[in-house]
Amino acid sequence: QVQLVESGGGLVQAGGSLTLSCAASGSIFSLNGMGWYRQVPGKQRELVAEITRRGNTNYVDSVKGRFTISRDNAKNTVYLRMNSLKPEDTAVYYCNTVPLYSSYWGQGTQLTVSS
């Protein structure tokens with residue numbers, strides 16, 4: 001059964017840091033690349049960071065140099081370390097496979113960055 005559980009969000013001041021975690025069911029995690037997506041009300045969900053099974057990473061331009069995605073294959077967990085946070089990073093953050101294979105999404109975790 002597919003399961004994705006995101007955690008670690010919260011309220012942070014601009015310039016601060018935070019790390020998000022996502023626990024994924026083993027079948028999803030071991031076979032796929034994983035990514036962090038974010039969504040702001042009224043806008044489409046966007047992929048901001050991805051990591052392949054072998055650990056290669058890619059980032060959207062707006063977070064390059066500030067966000068770092070990593071994965072722990074032994075724990076079926078993917079992380080997103082976020083530094084130098086900006087108010088425009090405020091969103092609900094989700095993890096999922098890259099590319100997407102189903103319409104399933106976890107509950108996400110809210111990040112709010114205050115100015």
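The values are calculated or read from the model by the stated rules, or taken from the named source; none is laboratory data. All values reported here derive from a predicted model rather than from experimental measurement. We place every Cβ from the backbone using ideal geometry, glycine too, and count neighbours over all the protein chains shown. Accessible surface areas use protein heavy atoms only, side chains included; no ligands, DNA or RNA. Shrake-Rupley method; radii C 1.70, N 1.55, O 1.52, S 1.80 Å.
Data table
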{"read-out": "Two-decimal Rg/Rh across the stretch 46-115, once Rg and the Kirkwood Rh are taken from alpha-carbon atoms", "value": "0.95"}
{"read-out": "Sites ASP61 and THR19 - FRET efficiency at Förster radius 35 Å, r taken between beta-carbons, to 0.05", "value": "0.95"}
{"read-out": "Antiparallel bridge percentage (DSSP; both residues within the chain; nearest 5)", "value": "90 percent"}
{"read-out": "Estimated [θ] at 222 nm from DSSP helical runs (n ≥ 4, -39500 (n - 2.57)) normalised by residues in the chain, nearest 500", "value": "-1000 deg cm²/dmol"}
{"read-out": "Under 30 Å from the Cα of LYS43 - lysines, other chains or at least 8 residues apart", "value": "LYS64, LYS86"}
{"read-out": "Percentage relative contact order, the chain, counting C-alpha pairs under 8 Å, at least six apart", "value": "37 percent"}
{"read-out": "Magnitude of the charge dipole, the chain, Cβ model with Lys/Arg +1 and Asp/Glu -1, debye to 20", "value": "180 debye"}
{"read-out": "Per residue, in Å², the accessible surface of the stretch 54-115 once ligands and nucleic acids are set aside, probe 1.4 Å", "value": "55 Å²"}
{"read-out": "Model label zone, ARG53; criterion: amide N under 19 Å from point 7 Å along Cα-to-beta-carbon; scope the stretch 15-35", "value": "24-35"}
{"read-out": "Percent accessible area from carbon and sulfur atoms, the stretch 23-79, protein chains only, probe 1.4 Å", "value": "46 percent"}
